[in-house]
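All of the numbers you see were taken from the coordinates with simple rules; none came from a lab. Just so you know, these numbers come straight off a predicted model, no measurement behind them. So basically every Cβ, Gly included, is an ideal-geometry build from the backbone, and we count neighbours across all protein chains shown.
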Amino acid sequence: MDNRKSLGISKLLHRLARFIVGVAITAVICFISINLAPGDPVKSAIDLDIYPVPFELGLSASYIRDEGMYYAHCVYPDTELPNIDSTIEAIVKDFEAAAYDEYLSSRQEGHTGKASFAMQCKTYSIANGFGVVLIDGTYTDSISESPKDYFRSLHVDLNNDRIIALPELYDLTREKSLLEIIERQALNYYPHIEISLNRRDFDSIAILTDGLSLAIERGKYLPASEGPISITVPYQVIGDLIIASPLTVEKRDYSYIDPNKKVIALTFDDGPSDHTLRLVDVLRRHNAKGSFFVLGSQIKNYHETLRKVDEAGYQVLGHSWSHRNLTQLSKDEIRQDSLLTSMAIYRATGRVPRYIRPPYGSYNDTVREACHDIGISLVNWNVDTEDWKSRNVDSIVAEVARSARDGCIVLFHDIYPTTVEAIEIIVPELVRQGYQLLTVDELLHHKHGEVVPGKLYFN
Ligand code: ZN
């Protein structure tokens, strides 16, 4: 990355233009996606409610090698987790070195044209703290018949900074059956080609949204002109050959919620602050839950606080990095803002939040699309205590008394002492009235079943 920093602006622009051309060329070589018909449904070991969603697992890093006639540009995630990052970086460098070798041997064969290597990663979040990284590189020169693909999939455990090993993902005692299922179904689809898989192919198999996905380099089984192939086998076909124990960590049991009792979610914005733990104490005394929508920029001084909030079973969720109005930002800026906030929360609690409350409750289609892209849902409120305005215990208590209904989401701010005092009165009163005080996640699952990324909820 140092050579990148030393580049002059004009050189950078020149290179950027070249990179864009490279990406455009790569983009026209489309993926063929073979979606295989499901066979007899088999009970799957993985909880399909928690399907992987595209999620940026960190900021991005890049690596460039420019030798005039050879140009490599690799973009990959920078999770700031040393083991995961060094593994990704090692694969990236390996792939790039192999591409560079291709280039050197093409020179030996008399090739004098330009060669390039473009590499990018797609990342997905499977469940809290578990993700998939797909590394996808393409080497191109002017004498080879077709570009050359470099694929690799990694399943990562962000909570423990480690790569998830194959035996944790698949039942390897039945490895042959698993590979045969993929081969057989691919053969059904392409009877004229023979696909023969072995353990090394797991390197390019990933647990993705629609099923187990195998990426095959162009030219391996089909003519290179067909491009790379991706074979997706639905989970119903794979059945319990997937163990994926880490993937079930988020499998939540909501059965403790009494369907005959009223529910309500108390939410606290703009923290964390010195009052946050006092609120948690009040809630805990009454066996009640709450959710905290925090500002990313505040988190670094309150790691211990948020860890305790999370340990108590309460939710720590995003409220943007610095309370900017998201409707005034571009989609990329919103994604970046939410991502930074999510990663800060993750570092404090070990959990990647699935919900955001946009500052001022303001949203538009761009905000919703950005949230959809990163797999999070928006949560506003339908009872506003205006605690920030009144800073008056009686009026906060009165507003809740007047507006509380079954299924409500109530807005407070955990940055005022008056709010803590009001909560001391409100919580026991709601409990007395027969309410179950839930987290936002519990309330939404209770009311809506599945929670949809990009959708706005306010009750
Ligand atoms: Zn706010």
Hull volume in cubic angstrom per residue (convex hull over the Cα atoms of region 230-347): 186 Å³
S362 paired with W388, simple spin-label distance in nm, labels 7 Å along Cα-to-beta-carbon: 1.2 nm
For region 402-459 versus region 249-307, the gap between their alpha-carbon centres in whole angstrom: 10 Å
GluC sites (Glu not before Pro) restricted to DSSP loop in region 368-459 with at most 11 other C-beta within 10 Å: E450
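For region 67-143, which GluC sites (Glu not before Pro) are in a loop by DSSP, counting at most 10 other Cβ atoms within 10 Å?
Listed in order of number, the matching sites are E67, E109.
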At R0 = 22 Å, FRET efficiency that the Cβ-Cβ distance of D203 and D161 yields, to 0.05: 0.60
Amide proton proximity set for K455, modelled H, under 5 Å, gap of 5+: L378
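Tally Lys and Arg at +1 and Asp and Glu at -1 over the other residues with C-beta under 15 Å from the C-beta of L178: what net charge comes out?
Taking every Cβ under 15 Å from that of L178, the sum is -3.
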Those GluC sites (Glu not before Pro) in region 155-235 that DSSP places in a loop and that have at most 10 other beta carbons within 10 Å: E194
Simple spin-label estimate for E89 and R284 in nanometres, 7 Å along Cα-Cβ: 3.9 nm
Extended-chain gain in nm, criterion 0.36 nm per residue less alpha-carbon gap, R184 and S255: 21.6 nm
Förster-model FRET efficiency, 45 Å R0, S105 and D332, C-beta, rounded to 0.05: 0.70
Residue-span extension gain [V431 to D240] - 0.36 nm each, minus C-alpha spacing: 64.5 nm
Simple label model, 7 Å out from Cα along Cβ direction - R324 to Y221, nm: 4.6 nm
Computed over region 262-457, Kirkwood Rh from alpha-carbon pairs, angstrom: 16.5 Å
